[in-house]
Amino acid sequence: MATHIPPIRKQNPYLPFGDQKGTRFYGQDILSVKQFNRDDLEYIFGVAHEMAGMVRRIGTFDLLKGKILANLFYEPSTRTSASFTAAMERLGGSVIPINEVRYSSVSKGESLPDTIRTLEAYADVIVLRHPEVGSAAMAAKYARKPIINAGDGIGEHPTQALLDLFTIQEEMGHIDGLTITMLGDLRNGRTVHSLSRLLTLFDVCINYVSPDILRMPAEIIGEINDKNIPQKEFSDLETILPESDVLYVTRVQKERFATPEEYESVKGCYVITREIMQKAKEEMIVMHPLPRVGEIEMELDDDPRAAYFRQVEYGLYVRMALLASVLGKA
Ligand code: NCD
């Protein structure tokens, strides 16, 4: 006789902060930064801190022993995919890596819902990167297990925004009161779409610096306006750099351009050099979600303000915190 296996998720209501905080995100999807409030961030960052301490003390431990993550990537990735793998393995769990979808059944024309429903039969949580905006939300409708959005086209990259914010918190000691300047491809960069939305939970000023064709989408500017966060747009960095506390640099997203000519017209539009950094505050930090393709000169890497490789490490702890939380073990 067939046994019915009940769904593990979508029947776990969101449990309020307090006594049951250990179960805060249990069974939940992580789809957009819009789902978080400040208490949530405090909780995630608290768990990330514990993870950092555990990794430094003992390296790998057994919190998620027996749990399996499916890492499903339809777009290239180094950091996001490797950091979710490292996070799962540091917690004692294991990973099904599907990075080259051209070698999987996706290349035979399998639909995303079918791939998701297959993988959730094997895994306890699915991390998904896909070129279409809304793909993670669509996958979550079909899935019984938690879906973590690792980038849906030019839409959102919520786990990156969480690690970006954790980096700011750790490096600057606070977020309220800061001026954050985002630079580069603000039209296509999903990391800045998520980060600017998440920053509306704080008392910050946001500056956008980009060429005209790569400006922050009007929809996002509108959302941030609705939250009464001061924001300004510029085409050159020099005027705004001296008053910035965080400079968040992004890559021009070559793969999102309609024509090579359009890309060529803005490629290399901003390059952060030692000389430019002389105009920045001594305690400003430079962040970048990476990969960089020339926007920050390598000669800057020795500058203590260059936080981008530290940002990568903070990402490991935040992703450990997220995995432990959605699997109910935080
Ligand atoms: C970013 C992405 O994929 O959106 N990379 C990342 O996840 N660290 C940024 C980028 O590709 O430029």
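The values are calculated or read from the model by the stated rules, or taken from the named source; none is laboratory data. From a predicted model like this one, the values you see are computed outputs, not experimental measurements. Heads up, the Cβs are rebuilt from the backbone with ideal geometry, glycines too, and the neighbour counts pull from every protein chain shown. The area values use the complete protein model at the heavy-atom level, side chains included, leaving out ligands, DNA and RNA. Shrake-Rupley method; radii C 1.70, N 1.55, O 1.52, S 1.80 Å.
When the dipole is taken about the Cα centre of the chain, and only Lys, Arg (+1) and Asp, Glu (-1) are charged at their Cβ, what size is it in debye, to the nearest 20?
Value, rounded to 20: 1480 debye.
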Would you work out which of VAL266, THR167, TYR74 lies farthest towards the positive end of the dipole of the chain? Charges go on Cβ: Lys and Arg +1, Asp and Glu -1.
TYR74
Dipole check, the chain, charges on Cβ (K,R +1; D,E -1), about Cα centroid: among ILE44, VAL249, THR179 the Cα furthest to the positive pole belongs to ILE44
List the residues whose amide H sits under 5 Å from the amide H of GLU233, counting only those 5 or more places along or on another chain, with H placed 1.01 Å from N in the peptide plane.
TYR208
Through the Karplus equation 6.51 cos²θ - 1.76 cosθ + 1.60, θ set to phi - 60°, convert the phi angles of segment 180-186 into ³J(HN,Hα) values in whole Hz; use x for Gly and Pro.
10, 10, 9, 10, x, 8, 7
If you roll a 1.4 angstrom probe over the protein chains with everything in place, what fraction of the accessible area of segment 216-276 belongs to carbon and sulfur, to the nearest %?
50
Express the carbon and sulfur contribution to the solvent-accessible surface of segment 65-106 as a percent, rounded to the nearest whole number, probe 1.4 angstrom.
52
Taking a virtual spin label 7 Å from the Cα of ILE213 along the C-beta vector, which residues in segment 171-189 bring their backbone nitrogen under 14 Å of it?
185-188
With +1 assigned to the C-beta of every Lys and Arg and -1 to the C-beta of every Asp and Glu, and no other charges, what is the dipole magnitude of segment 158-311 about the Cα centre in debye, to the nearest 20?
380
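Please give me, ordered by residue number, the trypsin sites (Lys or Arg not before Pro) of segment 200-273 that lie in loop per DSSP and have at most 12 other Cβ atoms within 10 Å.
LYS227
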Between beta-carbons, use under 13 Å as the cut-off and find the net charge around LEU237, counting Lys and Arg +1, Asp and Glu -1.
-4
Where the centroid of each part is defined by its Cα atoms, how far is segment 126-195 from segment 270-330 in Å?
15
Cross-link partners among lysines for LYS141, C-alpha distance below 18 Å, same-chain residues fewer than 8 apart left out?
LYS10, LYS34
Counting only residues 5 or more apart in sequence or on a different chain, those whose built amide H sits under 5 Å from that of TYR248 are THR181, MET182, LEU183, MET287
With θ taken as phi - 60° and the coefficients 6.51, -1.76 and 1.60, list the Karplus ³J(HN,Hα) couplings across segment 294-307 in order, rounded to whole Hz; mark glycine and proline as x.
x, 6, 10, 5, 4, 4, 7, 4, 7, 5, x, 6, 6, 9
Calculate, for the chain, the solvent-accessible area per residue in square angstrom, rolling a 1.4 angstrom probe over the heavy atoms of the protein chains.
45
Radius 13 Å from Cβ of TYR263, net charge of other residues (Lys, Arg +1; Asp, Glu -1):
0
Placed amide H near ALA306: partners under 5 Å, 5+ positions off or other chain
VAL286
Cleavage-rule hits, GluC sites (Glu not before Pro), segment 98-147, DSSP coil, Cβ neighbours within 10 Å at most 15
GLU100, GLU110, GLU132
Could you derive backbone 3J(HN,Hα) for segment 192-209 from the dihedral phi with the Karplus parameters 6.51, -1.76 and 1.60 (θ = phi - 60°), listing whole Hz in sequence and x where the residue is Gly or Pro?
6, 5, 6, 5, 5, 5, 5, 5, 5, 7, 10, 8, 10, 10, 10, 10, 10, 10
ASP152 neighbourhood, Cβ < 9 Å, K/R = +1, D/E = -1, net charge 0
Calculate the radius of gyration of the Cα atoms of segment 158-311 to one decimal place, then report Dmax, the largest Cα-Cα distance, as a whole number, both in Å.
14.4, 43
With the charge dipole of the chain built from beta-carbon charges (+1 for Lys and Arg, -1 for Asp and Glu) about the Cα centre, the Cα from PRO97, MET54, VAL204 projecting farthest to the positive end belongs to PRO97
With axes computed from alpha carbons, what is the tilt in degrees of helix 308-326 against the longest principal axis of the chain, rounded to the nearest 10 within 0 to 90?
30
Could you compute how fast segment 24-138 diffuses translationally, taking Rh as the Kirkwood radius over C-alpha pairs and applying Stokes-Einstein at 37 °C with viscosity 0.692 mPa s? Give it in µm² per second.
210
